[in-house]
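Have a look at the structure below before the remarks.
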Amino acid sequence: MAPAVRDLIAAFILLNGVIGAVTYVTLLERKFTARLQSRIGPYRVGPHGLLQPIADALKLMMKEDVVPAAADRWVYNLAPLAFLLPCVLIFGTIPFAPGLGLADLNIGLLFFLAVSSLEIVGLFMGGWGSNNKYALLSAMRAVNQIISYDLPFIFVALVPVVLSGTLRLGGIVEAQRGLWYVAYPIIGQLGFLAYLVTMIAAENRVPFDILEAESELVAGFRVEYSGMKFALIQLAEYAHVIATSYLGALLFLGGWLGPGPGWLGAIWFTLKAVVVFLLVTWVRWSFVRIRVDQILGISWKLLLPATLMLLLATAFVVAWEGGGGVA
Amino acid sequence: MDPEARKVIELGYAGNERLVMNMGPQHPSAHGVFRAILTLEGESIVAVDAVIGYLHRCHEKLGETLTYVQYPSIASKTDYVAAMTSELAYVLAAETIGKIEVPRRAQYLRVIAAELQRIASHCLWLGTWCMDMGGALGGGATVFLYCFRERELLLDLFEALTGARLLYGFHQVGGTRYDAPAGWVERCRSTVDLVETRIDEYEAMLEDNAFFLARTQGVGVISRELAQEIGVSGPLIRGSGIAYDVRRVEPYSGYGDFDFKVPVETAGDCWARYRVRMVEFRESIKIVRQALESLPAGPISSRPGVKSVGQVRIGKGEAYARVEGPRGEVGCYLVADGSAKPYRMKWRGASFSNLAVLPHIVPGHKVADMVAIMGSVDPVFGEVDR
């Protein structure tokens, strides 16, 4: 089989895997949240509500697709795709187990960070193209937030890079053989904590969901979207959440490393990603949203200097011990 | 708002580009149907034009066309979140004009109903307020569901007492319409015990939460002077440092018999109003316990049961009765002409007077604070528009 065809098939499988994962991650979140809120959660569609995501997807597909009369049609219609594309693309670089992944690039982490921050283009297109004041305000907030939070996110993601001496995601995992970076004295714990915070901000989830802000901006940039376009936006958002959860598990929790035979690797990795996801979900459903100026304050006055110091400290430690891990 | 008034409220305007944004009448945090026309400079609000009237149902005119027997159950529909309160204000006014005695058992039952209603209403306030700040897809929804869990228990009590869960028709001129059924007192006692432990849980969840503090402290400050000038009442005025509570200032329905505190905070911000209401939860529970403990035996009404709606007639006269509702002072002004219907009636809605403070405290804040302030004022639009 020609390598191009093989890659195409692999990409097709991965894409559908992402979509399937997203539908069931929504169910996981709903069930988990329901327990937090002393409810049962989806229960009627299928046993224990297992078919609920399918029903939701079907409902969204059958909904009328409304385009506001005053919308900038091109921008409005393209925005969900522009938002979805980077969110799915980043999966291409994640190795789920040794050799199991589309492309374990030698600049994997850089690719991940660069592409995932492109989602702002889609967000802004949606906010601008809707020609709605709520959406416009939300788009402006989105730009503010992404600019403020991508820097600390990148700095904290660089901590494992400095420790392992490679940008290749597979290499970072291999360097954690023996000691997961979350267990690295002080640096690891602080790094993981900072990663969780910046990850929530990068995903635009409560308490940093000022761009959705349904109680003030109704639903922000997606207020005018309905039907499948809305579904695409949701899909992109959850895909991003899943990807960053995997990245967190990879950078700090040792990726596929775990007891048992090698083929269990992908399962270990997924379990760790689920743990990261549930941690973030727990935060999401226990905090109130903070204000736009407070978000910027936290980012520039606290997180940015803190992550920068953390990165510098990591560099000093590595230099002291004489060179990074595998290099 | 006329241009002259707007000039006073607008803050130092730097001449930047402005955006006029409608919030409501259909809006997730409009608390009903409230329309705020916000003038924004970026994210900051420079002026707010509050538009009310979307829920006007001619309540005061309706009061003239319905008899003293009929109206109490309609009075429920002014403030539908605290239906017991407005019913009580109406029958108190009618009883003052007719110089009708109310048996002590009925008075105590009224107090119990009013205080349970306050707890239920504050549960709804806390839940919706947190939802305003935390969103329906965040921590706010969690608090909301917790609060509703407790509110359900209280509504179950009302259901056992009156057969209704939202709009009761519990009060009637001369007493109450229903007596507490068998076992209700014990059930009520165990429910308030449970609710009290849950209030500790809310406090633990919210007060150690840095984000909650950041959203409430120093936001929407009502100064003592402003509070007096506008005439706000209830938790708003107590949050601004004035110990004004109708239950204490002018005790009615036997409130003088009970031992309770009137919580006062001096900061005047959302946090102060939150603290006042959290203490009120506990004080209400205290009052309910005392009233259950000393609930006298005897009749529940000084008047015989009515066979037709026109049977209750009170003499000529006029009276203003006021009660302390969960949202503040609820007043009912009644003019009677000797027939079975009042000649004229007028409501003083606590939400209406409290809402008037909004254009004075919102400018200068961010859009997100608008909903936090709005929630801390806790208006019910049935009562604002009537």
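Nothing in this text is a laboratory measurement; each read-out follows from the coordinates by a stated rule. Please read all numbers here as calculations on a predicted model, not as lab measurements. Cβ coordinates were reconstructed from backbone atoms using ideal geometry, including for glycine residues, and neighbour counts include every protein chain displayed.
Using alpha carbon centroids, what distance separates the stretch A:251-310 and the stretch B:369-386, in Å?
37
Count charges around A:Ser245 for me, please; just the other residues with Cβ under 14 Å from its Cβ, Lys/Arg as +1, Asp/Glu as -1. Display every interim value, and only then the final one.
On the way: positive: A:Arg205, A:Lys272, A:Arg284; negative: A:Glu29, A:Glu203, A:Glu237.
Spelling it out: positives minus negatives among the neighbours equals 0.
Is the C-alpha gyration tensor of the stretch A:202-247 telling us rounded, prolate or oblate? Criteria: a/c under 1.5 is rounded; beyond that, a/b larger than b/c is prolate, otherwise oblate. Mind showing how you got there, number by number?
Working: a/c = 3.82, a/b = 1.25, b/c = 3.07.
Cα axes put the stretch A:202-247 in the oblate bin.
Remind me, relative contact order of chain A in percent, using alpha carbon pairs under 8 angstrom and six or more residues apart?
Numbers: 491 pairs, mean separation 75.8, N = 327.
Across chain A, relative contact order equals 23 percent.
Any chance you could check the Cα centroid distance between the stretch A:140-168 and the stretch B:213-284 for me, in angstrom?
Using only Cα atoms to place each centre, the spacing works out to 46 Å.
What helices does chain B hold that run 30 Å or longer along their axis, going by alpha-carbon atoms, with a Kyte-Doolittle average of -1.0 or more, using DSSP H for the helix calls? Mind dumping the intermediate values first?
Details: long enough: B:104-134 (44 Å, 0.12); B:139-162 (34 Å, 0.62); B:184-207 (34 Å, -0.48); B:270-293 (35 Å, -0.30).
Membrane-span-like by this criterion, though nothing is claimed about a membrane: B:104-134, B:139-162, B:184-207, B:270-293.
Would you grab the residues whose amide H sits under 5 Å from the one on B:Val312? Only those 5+ places off in sequence or on another chain, please, with H modelled 1.01 Å from N.
Under 5 Å from the amide H of B:Val312 lie the amide H atoms of B:Val69, each far enough along the sequence or on another chain.
Just to verify a number: FRET efficiency for A:Lys133 and A:Leu264, C-beta to C-beta distance, R0 = 45 Å, to 0.05?
Details: r = 52 Å, r/R0 = 1.15.
Once the sixth-power term is evaluated, E becomes 0.30.
Determine the relative contact order of the stretch A:172-241: mean sequence separation of Cα pairs under 8 Å and six or more apart, normalised by residue count, in whole percent. Mind dumping the intermediate values first?
Values: 32 pairs, mean separation 10.2, N = 70.
Result for the stretch A:172-241 is 15 percent.
With a 10 Å radius around each residue's Cβ, average the other Cβ atoms per peptide and rank A:165-173, B:356-364, B:169-177, B:53-61, highest first.
Numbers: A:165-173: 22.2, B:356-364: 19.4, B:169-177: 24.8, B:53-61: 14.1.
Peptide ranking by packing, descending: B:169-177, A:165-173, B:356-364, B:53-61.
Going 7 Å from the Cα of A:Leu50 in the Cα-to-Cβ direction, what parts of the stretch A:245-285 have a backbone nitrogen less than 15 Å from that spot?
So the set is empty, nothing qualifies.
What are the ³J(HN,Hα) couplings of the stretch A:246-251, residue after residue, when phi is run through the Karplus curve with 6.51, -1.76, 1.60 and θ = phi - 60°? Round to Hz, x for glycine and proline.
4, 5, x, 5, 6, 6
Provide the net charge surrounding A:Val162, with neighbours chosen by a C-beta distance below 15 Å and charges set as Lys +1, Arg +1, Asp -1, Glu -1. Spell out each step's value before the answer.
Numbers: positive: A:Arg168; negative: A:Glu321.
Neighbourhood net charge equals 0.
Assign one of three labels to chain A, namely rounded, prolate or oblate, based on the Cα gyration tensor with a ≥ b ≥ c the square roots of its eigenvalues; rounded applies when a/c is under 1.5, prolate when it is not and a/b is larger than b/c, and oblate otherwise. Walk me through the intermediate numbers first.
Values: a/c = 1.62, a/b = 1.33, b/c = 1.21.
Verdict is prolate for chain A.
On a 18 Å Cα-Cα criterion, which of the cross-link pairs B:Lys61/B:Lys99; B:Lys61/B:Lys346; A:Lys31/A:Lys63; B:Lys99/B:Lys346; B:Lys316/B:Lys341 come out too long? All intermediate terms of the calculation are to be shown ahead of the outcome.
On the way: B:Lys61/B:Lys99 24 Å; B:Lys61/B:Lys346 9 Å; A:Lys31/A:Lys63 25 Å; B:Lys99/B:Lys346 20 Å; B:Lys316/B:Lys341 11 Å.
In this structure, B:Lys61/B:Lys99; A:Lys31/A:Lys63; B:Lys99/B:Lys346 exceed 18 Å between Cα atoms.
Tell me, what is the FRET efficiency for B:Thr266 and B:Glu201 to the nearest 0.05, using R0 = 35 angstrom and their Cβ-Cβ distance as r?
Values: r = 27 Å, r/R0 = 0.77.
Efficiency, rounded to the nearest 0.05: 0.85.
Please work out whether the stretch A:189-327 counts as rounded, prolate or oblate from its C-alpha gyration tensor, where a ≥ b ≥ c are the square roots of the eigenvalues and a/c under 1.5 means rounded, while otherwise a/b larger than b/c means prolate and anything else oblate?
Numbers: a/c = 2.71, a/b = 1.36, b/c = 1.99.
Judged from the Cα gyration tensor, the stretch A:189-327 comes out oblate (a/c at least 1.5, b/c at or above a/b).
Relative contact order, percent, of chain B when contacts are C-alpha pairs under 8 Å separated by at least 6 residues? All intermediate terms of the calculation are to be shown ahead of the outcome.
Details: 762 pairs, mean separation 102.5, N = 386.
About 27 percent, as a whole number.
Can you list residues from other chains, or at least 5 along the same chain, whose modelled amide H is less than 5 Å from the amide H of B:Tyr54?
Amide H to amide H, under 5 Å and 5 or more residues apart or across chains, B:Tyr54 pairs with nothing.
Show me, for the stretch B:352-358, the HN-Hα J-couplings you get by feeding each phi into the Karplus relation (A = 6.51, B = -1.76, C = 1.60, θ = phi - 60°), rounded to Hz, glycine and proline as x.
Those phi angles translate into 4, 5, 5, 5, 5, 7, 4 Hz.
Which FRET efficiency value, to the nearest 0.05, is calculated for B:Tyr80 and A:Ala103 with the Förster distance at 51 angstrom and r the Cβ-Cβ distance? Provide the component values of the computation, followed by the final result.
On the way: r = 60 Å, r/R0 = 1.18.
The computed FRET efficiency comes out at 0.25.
Excluding B:Thr197 itself, what net charge comes from residues whose Cβ is under 15 Å from its Cβ, given Lys and Arg +1 and Asp and Glu -1?
Values: positive: B:Arg149, B:Arg189, B:Arg198, B:Arg282, B:Lys286, B:Arg289; negative: B:Glu150, B:Asp193, B:Glu196, B:Asp200, B:Glu201, B:Glu203.
Local charge sum for B:Thr197: 0.
State to the nearest 20 debye the size of the charge dipole of the protein assembly as shown about its Cα centre, where the only charges are +1 on K and R beta carbons and -1 on D and E beta carbons. Walk me through the numbers on the way to the answer.
Working: 64 positive and 66 negative charges, 286 e Å.
Magnitude of the dipole: close to 1380 debye.
Sort A:206-215, B:224-233 by packing, meaning the average of other beta carbons within 10 Å per residue, with the highest value first.
A:206-215, B:224-233
So what are the ³J(HN,Hα) numbers for the stretch A:129-140, from phi and the Karplus equation (6.51, -1.76, 1.60; θ = phi - 60°), rounded to whole Hz, Gly and Pro as x?
x, 5, 6, 9, 5, 4, 5, 5, 4, 5, 5, 5
Any idea how far the Cα center of the stretch A:229-243 sits from the one of the stretch B:91-157, in Å?
Cα centroid to Cα centroid, the span is 40 Å.
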